[in-house]
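Participant: I'd like to ask some things about the structure below.
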Amino acid sequence: MRKLIIAAALAAFLTPITTVSVMAESTPPELSKVDWYRIELVKWKPGKAERAHEIIEMFEKTDVELGFKGVLDFHVSTGEWDSIVAMPMRGGIAQMGWANNPEDKKWDEAFAKQVGGMDKAKAIYEEFDSLMADRQRHIGHIDRD
């Protein structure tokens with residue numbers, strides 16, 4: 001009799017958990033309503049900010065050509081960083097899982113065409129990186145209401 005009572009108590013206890021678990025599996029989870037961004041904080045080497053912003057203008061031309069909007073470029077007046085740039089992740093957080101992001105490839109090809117070829121584009125990327133004293137990269141989001 002005691003075993004029957006323990007079995008009944010266990011069955012009563014586990015039934016709601018099983019029901020909730022089955023219900024959770026049958027309903028796909030709702031994605032958060034947020035816009036994801038790659039965020040870069042940059043400290044330019046002394047005297048290099050002007051050239052960096054000339055290159056950024058070239059990058060912006062490529063964005064315009066491809067219809068990409070929404071890059072936020074802050075020129076910071078206080079604190080340790082000179083620039084904070086937030087670039088939309090148009091594919092959302094899933095964009096981080098791409099082995100080779102097709103959007104990035106499209107952008108690289110358009111930029112290379114703008115500057116006269118992949119070798120020139122690579123040289124500009126390398127120059128741009130050389131202008132930075134420090135950089136931090138982050139991922140963040142803005143809630144959509």
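Participant: Filter the range 88-121 for residues that are more than 22 Å from the chain's Cα centre (by Cα) and in a helix (DSSP H, G or I) and give the result.
Facilitator: Passing the criteria: Ala112, Lys113, Gln114, Val115, Met118, Asp119, Lys120, Ala121.
Participant: What are the residue pairs meeting all of these: first residue in the range 76-99, first residue under 25 Å from Ala133 (Cα atoms) and without any contact (Cβ under 8 Å) to a residue 12 or more places away in the chain, second residue of a type in the set (A, V, I, L, M) and surrounded by 16 or more Cβ atoms within 10 Å (Cβ to Cβ), Cβ atoms under 8 Å, and 6 or more apart or on different chains?
Facilitator: Val76/Ile84
Participant: Consider the range 126-135. How many of its residues are assigned to a strand (DSSP E or B), loosely packed, with under 12 Cβ neighbours inside 10 Å and under 20 Å from the mean Cα position of the chain (by Cα)?
Facilitator: Qualifying residue count, the range 126-135: 0.
Participant: Under the condition of being closer than 16 Å to Met132 by Cβ and not in a helix (DSSP H, G or I), which residue from the range 47-73 is modelled with the lowest pLDDT?
Facilitator: Only one residue fits best here, namely Asp73.
Participant: For the range 18-46, give me the residue count where each residue is modelled with pLDDT of 75 or more and over 24 Å from the mean Cα position of the chain (by Cα).
Facilitator: 2
Participant: Given the condition out of contact with any Pro (no Cβ under 6 Å at 6 or more places or on another chain), touching a residue at least 24 places away in the same chain (Cβ under 8 Å), more than 20 Å from Ile39 (Cα to Cα) and surrounded by 15 or more Cβ atoms within 10 Å (Cβ to Cβ), answer yes or no: does some residue in the range 117-125 qualify?
Facilitator: yes
Participant: Let me ask something additional. Among the numbered criteria (1) without any contact (Cβ under 8 Å) to a residue 60 or more places away in the chain; (2) touching a Leu at 6+ places or on another chain (Cβ under 9 Å); (3) closer than 21 Å to Asp35 by Cα, which single criterion is violated by Ala110?
Facilitator: Of everything listed in (1) without any contact (Cβ under 8 Å) to a residue 60 or more places away in the chain; (2) touching a Leu at 6+ places or on another chain (Cβ under 9 Å); (3) closer than 21 Å to Asp35 by Cα, Ala110 misses just condition (3).
The values are calculated or read from the model by the stated rules, or taken from the named source; none is laboratory data. Bear in mind that the values here come from a model prediction, so they are computed numbers and not experimental data. Every residue, glycine as well, gets a Cβ built from its backbone with ideal geometry; the counts of neighbours run over all protein chains shown.
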